[in-house]
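Just so you know, all these numbers are worked out from the coordinates, no wet-lab data involved. Owing to the predicted nature of the structure, the values given are computational and were not obtained by experimental measurement. Note that we place each Cβ from the backbone using ideal geometry, even for glycine, and neighbour counts take in every protein chain shown.
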Amino acid sequence: MWPSTPEDRLHQWYQLRVDTKQGDLELALMTINNWWFWVPIQARYLDWDQHDKWPDPWQLLNDNAYCDIARPLGIMYTCLLYTSDAADE
């Protein structure tokens, strides 16, 4: 079930990154992808050609609106932070 409050979404997103930080990269990517497939999808939230207006990851989770662009954007943000967190070790 997808978390109902912004705080819960942020906490679970953080926990996702912690849980996937150690271990197999392929498994981590599959876990990240699966987590984002729980989001509630709507018809349109972001426009593909207005990427300058796309939210940062925290705003995306706060808005809790996901479309065919927003979900992969969330996956990308998670992967970017995953690699950034791994580089910090």
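Here the dipole of the chain is about 240 debye; that uses its Cα centre as origin and unit charges on the Cβ of Lys and Arg (positive) and Asp and Glu (negative). Listing Thr78, Thr5 from fewest to most neighbouring C-beta atoms within 10 Å gives Thr5, Thr78. Rg/Rh, computed from the Cα trace of the chain with Rh as the Kirkwood radius, has the value 0.96.
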